[in-house]
Amino acid sequence: MRTELVSEPGDPGRPNEDFASVALPASGQGGALVVLDGVTPPSDGGGCLHSVPWFTARLGGALTELTVSLPDVPPPGLLSRGIARTAESHVSTCDLSHPRTPQATVVLARWSPDSVDCLVLSDSVLLVESTDGRVTAVRDDRLDRLPRSALSSHTVVDTTLRNKEGGFFTAAADPAVSSRAVTASLPRDRVRALTALTDGATRWVERFGEGDWADCVAVIREEGARGLVRRHRAGGWRHPRRGPRLLLDPEPSPIGEGGRVAGRRPRGPARPGGLSGGRCPPR
């Protein structure tokens with residue numbers, strides 16, 4: 001099994017707010033990947049004493065441990081426990097009811113010899129490559145369904161859409177949000193690879209139009225995760241007006257590459273794809 005993780009901040013002058021990990025049990029049976037894209041906080045800190053990198057490290061670390069230590073708990077249950085554990089660590093010092101309390105998008109996948117279980121919350125994407133070469137995107141498309149007029153300002157978004165019915169959901173301080181995640185479960189022997197991408201990485205497809213999801217996976221396979229980062233940067237210069245929506249981090253957050261997972265008969269080493277990432281074929 002080969003694993004590659006790449007993470008680069010959109011602005012060298014700002015801290016990296018993303019998290020990416022791949023966990024491989026010592027038994028060699030199965031594994032897990034976690035990718036979080038931290039939401040840039042408001043200027044007033046969002047009622048929290050802690051930074052977004054602190055939050056994503058806490059939540060990402062909890063999810064990485066839980067996916068391996070609790071193999072019988074479904075992904076929504078893991079996300080609920082991870083959010084609750086993280087909230088408990090700062091509820092006594094911070095206002096977790098603030099709409100911009102530290103939060104993140106989530107991609108989580110766990111594989112065993114029998115199945116691959118996936119979860120996506122908000123606008124990060126998990127690409128599933130099947131053994132016949134087809135690539136399917138597991139997406140939470142709530143943001144795509146919102147009219148641009150609804151995204152007129154941060155105030156409007158925070159008061160009417162963020163973590164609200166009819167809007168969109170992120171992992172913040174409420175464990176119940178886990179029930180809003182998009183999930184999928186697939187037979188292990190039908191999955192060749194997984195690639196998790198933050199919205200910074202998906203722009204190469206969704207905003208710049210440089211290729212489709214299958215092309216994205218092909219770039220990562222041939223050039224590695226950094227190859228997609230380089231192409232993303234180039235695409236941003238060629239399409240300067242195709243910026244992200246107001247409520248998203250305006251910078252190309254690191255590529256989130258989840259593990260590339262080979263089938264029971266791996267056809268080759270797995271590689272990552274996205275702006276923060278990792279790729280690994282489960283044994």
Nearest-0.05 FRET efficiency for Ala150 and Ser27 at R0 = 51 Å, using Cβ-Cβ distance, is 0.60
Two pseudo-spin positions, 7 Å from Cα along C-beta at Ala184 and at Asp114, lie apart in nanometres by 2.1
Long-range amide H partners of Val6, meaning residues 5 or more apart or on another chain whose placed amide H is closer than 5 Å, are Glu257, Gly277, Gly278
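Determine the gain in length on full extension of the stretch Asp44-Asp212; use 0.36 nm per residue of separation and subtract their C-alpha separation, reporting nm with one decimal. Working shown, then result.
Details: separation 168, 0.36 × 168 = 60.48 nm, distance 3.86 nm.
Separation in residues times 0.36 nm, less the Cα-Cα distance, equals 56.6 nm.
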Label model pair Arg233, Asp11: point-to-point distance (7 angstrom along the Cα→beta-carbon line) in nm is 1.8
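Readers should treat all values here as calculations from the given coordinates under stated rules, not as data from a laboratory. Just so we're clear, the structure is a prediction, and the values are computed from it rather than from any experiment. All Cβ positions, glycine included, derive from the backbone under ideal geometry; neighbour counts span all protein chains shown.
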